[in-house]
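Have a look at the structure below before the remarks.
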């Protein structure tokens, strides 16, 4: 399976500001030496050795992740503003995709903001299937599009739109992959989704406030999380922020690291980045998460690969 990150911020979009961009450019210029500018090859070599926090950006769009099964079935997790970048890529590659399967974690604005602008919804040849444990998701989505919040309503869509209500403890087969879900701790409710195919597994767990119960090695937790290949997990806060914002529905990076170690998850992608944090602050949280993981080396379990979820990143499993 192939996973692509199109939106990684939480709560609100966060465009990079001119001041932050200037700071990045100033830091790059401080590293430049005359020999770096001699040719296109030396310039490229110089750029390739720059740290990630200077050369790239984490991304400012809200939650949207694309997964392609081995049979090229298109699965989308949440429809935040990153959905528009997903659509632009499909247009650039001239792919002819008429069917999308959209799994909604919950219905807070940041996870829906891209949906009214998704061109596939207006394609009369298109087929869009929405999935959620909430049986009233159709009514919820139509309210989101109602006046005066949006200039056109749900009835402006021309695609064949369908809704599938997910049942408790019931897996779904889609494009050769198995899809499971589990409840997460978040205001108004939230769902995590797990995709398994050809011996590999990927978990999407946004808007998750980890508690002591989540670390309990119940039969359900072990079956869902144990030895997963990768998890995209809410790490919006530092531990101090998580304590201060108890019951806001988000986790600290330190709890996330402990969680993936507890269940032997191989890769952790820190997700739902705080919109108040600059790229620099978010990169600093990544460094802190890796250092914290090193302090846990005396515990059982192999150290996971830890990275930030970054817009445009592609993961092959």
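Listed by first and then second residue, the pairs linking a residue in segment 106-125 that is without any contact (Cβ under 8 Å) to a residue 60 or more places away in the chain to a residue that is part of a loop (DSSP other than H, G, I, E, B) and surrounded by 22 or more Cβ atoms within 10 Å (Cβ to Cβ), with Cβ atoms under 6 Å apart and 6 or more places separating them unless they lie on different chains, are 112/79; 115/79. Of the numbered criteria (1) surrounded by fewer than 17 Cβ atoms within 10 Å (Cβ to Cβ); (2) in a loop (DSSP other than H, G, I, E, B); (3) at pLDDT 95 or above, the one residue 288 fails is (2).
When segment 120-139 is filtered for residues that are more than 23 Å from the chain's Cα centre (by Cα) and buried (at least 18 other Cβ atoms within 10 Å of the Cβ), only 126 remains. Go through the residues of segment 239-247 one by one and say whether even a single one is closer than 20 Å to residue 105 by Cα and either at pLDDT 95 or above or in the same structural domain as residue 71 (by TED's automatic domain parsing) (or both). The answer is yes; a qualifying residue exists. Taken over segment 176-192, the criterion of being under 23 Å from residue 1 (Cβ atoms) and either touching a helix residue (DSSP H, G or I) at 6+ places or on another chain (Cβ under 6 Å) or outside any strand (DSSP E or B) (or both) is satisfied by 176, 182. Could you grab the pairs with beta carbons closer than 6 Å, sequence gap of 6+ or different chains, first residue in segment 128-139 and more than 16 Å from residue 160 (Cβ to Cβ) and not assigned by TED's automatic domain parsing to the domain that holds residue 188, second one part of a strand (DSSP E or B) and at pLDDT below 95? Once the first residue is more than 16 Å from residue 160 (Cβ to Cβ) and not assigned by TED's automatic domain parsing to the domain that holds residue 188 and sits in segment 128-139, no partner that is part of a strand (DSSP E or B) and at pLDDT below 95 comes close enough. For segment 255-294, the set of residues classified as without any contact (Cβ under 8 Å) to a residue 40 or more places away in the chain and within 23 Å of residue 228 (Cβ to Cβ) consists of 264, 266, 268, 270, 286, 290, 292, 293, 294, listed by residue number. For residue 109, indicate whether it is loosely packed, with under 13 Cβ neighbours inside 10 Å, in contact with a helix residue (DSSP H, G or I) (Cβ under 9 Å, 6 or more places away or on another chain) and in the same structural domain as residue 181 (by TED's automatic domain parsing). When the stated conditions are applied, residue 109 passes them. Checked against (1) under 22 Å from residue 7 (Cβ atoms); (2) loosely packed, with under 13 Cβ neighbours inside 10 Å, residue 173 passes all but condition (1). Among the residues of segment 208-223, some residue qualifies, meaning at least one is within 16 Å of the chain's Cα centre (by Cα) and either in the same structural domain as residue 108 (by TED's automatic domain parsing) or part of a strand (DSSP E or B) (or both). Scanning segment 36-84 for residues being touching a residue at least 24 places away in the same chain (Cβ under 8 Å), buried (at least 16 other Cβ atoms within 10 Å of the Cβ) and over 30 Å from residue 121 (Cβ atoms) gives a total of 3. Kindly check whether there is at least one residue in segment 151-165 that is touching a strand residue (DSSP E or B) at 6+ places or on another chain (Cβ under 8 Å), under 19 Å from residue 65 (Cβ atoms) and not in a strand (DSSP E or B). Scanning segment 151-165, I find no residue that is touching a strand residue (DSSP E or B) at 6+ places or on another chain (Cβ under 8 Å), under 19 Å from residue 65 (Cβ atoms) and not in a strand (DSSP E or B), so the answer is no.
The values are calculated or read from the model by the stated rules, or taken from the named source; none is laboratory data. Keep in mind it's a predicted model, so treat the numbers as computed, not measured. Positions of Cβ are generated from backbone atoms using ideal geometry, with glycine treated the same way; all protein chains shown enter the neighbour counts.
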